[in-house]
2 protein chains.
Amino acid sequence: MALDRIDFAILDTLQKDGRISNSALAEKIGLSQSACSRRLDQLEKSGVIEGYHARLSNGALGHKMTAIVHISLSGQFEKSLAEFEAAIKRCPNVLSCHLMSGEYDYVVRIAAKDLEDYERIHKEWLTAMPHVIKINSSFALREVVDRTSMGIMPELA
Amino acid sequence: MALDRIDFAILDTLQKDGRISNSALAEKIGLSQSACSRRLDQLEKSGVIEGYHARLSNGALGHKMTAIVHISLSGQFEKSLAEFEAAIKRCPNVLSCHLMSGEYDYVVRIAAKDLEDYERIHKEWLTAMPHVIKINSSFALREVVDRTSMGIMPELA
DNA sequence: GTTGAAAGTAATCCGCC
DNA sequence: GGCGGATTACTTTCAAC
């Protein structure tokens, strides 16, 4: 799907305010409501927009701690990976998980209430996952940036 | 702010569908529209809901590669950290960045179109940031989980 | 791409139970 | 917490340009 500047402007706006009304969006990017609505339809149907989500405050919900955990499995067979991934998806404290190249197989970001809560997660979830042989936890002292998708500003230039 | 099961149900729903209408939300959680609207107001004003965002497909936008970069600075003075953080916030390819305890000072997640694009980002942004003395890049082979906030299901129990 | 209009739906705010 | 009502605003669709 070919996107032009107007599409990027729509995406940029919607990324910053996912609940903006079609009319406000149309006005902001300088398009009529009908044209704006049609483009938005296209962007949603084509999969460029995957969905809309409320962003909750982990802190306000009592999860003031973020851990970044590097995990290695005992083998890299697709079956082992699949079993581990199915397990990690079930853990509600997992914010993100990527299969990686390099020293560790997975990098996992975890939200916890506090250190004690992290110990519980570590024990009940992480060490209980299939094929795990090595776990290395680091803790975030501060969140500097946290976005789901990258800023699309560069494409606007 | 004290949250009850109804609040968690609202949050859970809104996290999955950030554009749901108040009337649909009210029906889903079994509340009248006015009560639902009042609670939502509170959740937004109290900061539990930080905002609403469209989730864009990095892949569809041409950014098919995710890198996780560990960065160390030459010193951990607050001034150095602040300067580095100001710089990293400016980079549009940065998805997340955390100041860490442990071996590296920062863990940064970066979206890139491809390896060539990553090399450009590495050269133009990462190595150009103030006080950086060590950069270690790993690449994601697969995204297993990616959420902004943790699932709040556990609180529903 | 635009405008304008119609019809349906939703949000907001009210007082009251 | 629920209900009904009134007002205002938004969405969607359509026709015509």
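The values are calculated or read from the model by the stated rules, or taken from the named source; none is laboratory data. Being a predicted model, the structure only gives us computed values, none of them experimental. Quick reminder, even Gly has a Cβ in these numbers, built from the backbone with ideal geometry, and neighbours come from all protein chains shown. SASA here: full protein model, heavy atoms, side chains in, ligands and nucleic acids out. Shrake-Rupley method; radii C 1.70, N 1.55, O 1.52, S 1.80 Å.
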For peptide A:13-19, how many partner chain Cβ atoms fall within 10 Å of a residue's Cβ, on average? 5
Could you provide, to the nearest whole Å², the per residue accessible area of chain B with probe 1.4 Å? 47
Could you name the aspartates and glutamates in cross-link range of B:Lys113, using Cα to Cα under 17 Å and dropping any fewer than eight places away on the same chain? A:Glu155, B:Glu124, B:Glu143
From most to least accessible, 1.4 Å probe, no ligand or DNA/RNA atoms counted, B:Phe8, B:Phe84 line up as B:Phe8, B:Phe84
Could you tell me which of the pairs B:Lys45/B:Lys89; A:Lys89/A:Lys123; A:Lys16/B:Lys16; A:Lys16/B:Lys123; A:Lys64/B:Lys28 are separated by over 19 angstrom between their Cα atoms in the structure shown? B:Lys45/B:Lys89; A:Lys16/B:Lys123; A:Lys64/B:Lys28
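Report, in deg cm²/dmol and to the nearest 500, the calculated mean residue ellipticity at 222 nm for chain A, where each DSSP H run with n ≥ 4 adds -39500 (n - 2.57) and the sum is divided by the residue count. List each step's numbers first, then the result.
Working: 6 runs with 57 residues, N = 157.
About -10500 deg cm²/dmol.
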Chains B and A together, accessible area buried on both sides, 1.4 angstrom probe, square angstrom: 6300
Summed side-chain charge close to A:Asn136 - residues other than A:Asn136 whose Cβ falls under 11 Å, Lys, Arg +1, Asp, Glu -1: -1
Net charge near B:Asn22: determine it from the other residues with C-beta under 13 Å of the C-beta of B:Asn22, scoring Lys and Arg +1 and Asp and Glu -1. +1
Give the nm distances, rounded to one decimal, from B:Glu78 to the matching residue in every other copy, measuring between label points 7 Å along Cα toward the beta carbon; shortest first. 5.3
Per-residue HN-Hα couplings for segment A:16-23 [Karplus 6.51, -1.76, 1.60; θ = phi - 60°; Hz; x = Gly/Pro]: 7, 9, x, 10, 4, 6, 4, 5
For Cα pairs less than 8 Å apart in space and 6+ apart in sequence, what is the mean separation divided by the residue count of chain A, i.e. the relative contact order in percent? 27
Per-residue ³J(HN,Hα) for segment A:52-69, Karplus 6.51 cos²θ - 1.76 cosθ + 1.60, θ = phi - 60°, Hz, x for Gly and Pro: 10, 9, 6, 9, 9, 8, 4, x, 5, 8, x, 9, 8, 10, 10, 10, 10, 10
Roughly speaking, to the nearest percent, how much of the protein assembly as shown's 1.4 Å accessible area is carbon and sulfur? 52
What is the protein assembly as shown by shape, rounded, prolate or oblate, if you read a ≥ b ≥ c off the alpha carbon gyration tensor as root eigenvalues and call it rounded for a/c under 1.5, prolate for a/b larger than b/c, and oblate otherwise? oblate
Under a plain spin-label model, where a point goes 7 Å from the Cα along Cα-to-Cβ, how far apart in nm are A:Glu83 and B:Ser80? 4.5
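Excluding B:Arg55 itself, calculate the net charge of residues whose Cβ lies under 12 Å from the Cβ of B:Arg55, where each Lys or Arg counts +1 and each Asp or Glu counts -1.
Numbers: positive: A:Arg55, A:Arg147, B:Lys16, B:Arg19, B:Arg147; negative: A:Glu44, A:Glu50, B:Asp17, B:Asp146.
Net charge in that neighbourhood comes out at +1.
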Measuring nothing but label to label, 7 Å from Cα along Cα→Cβ, what are A:Pro92's distances to the other copies in nm, shortest first? 3.8
Amide hydrogen neighbours beyond the local backbone of A:Leu141, cut-off 5 Å, H modeled: B:Leu99, B:Met100, B:Ser101
Taking the Cα-to-Cβ direction at B:Gln33 and at B:Lys123 and moving 7 Å from each Cα, how far apart do the two end points lie in nm? 5.9
How far apart are the B:Gly30 label points across copies, placing each 7 Å from Cα toward Cβ, in nm, shortest first? 5.1
Suppose R0 equals 45 Å; then what is the FRET efficiency for A:Glu44 and B:Ser72 from their Cβ-Cβ distance, rounded to the nearest 0.05? 0.60
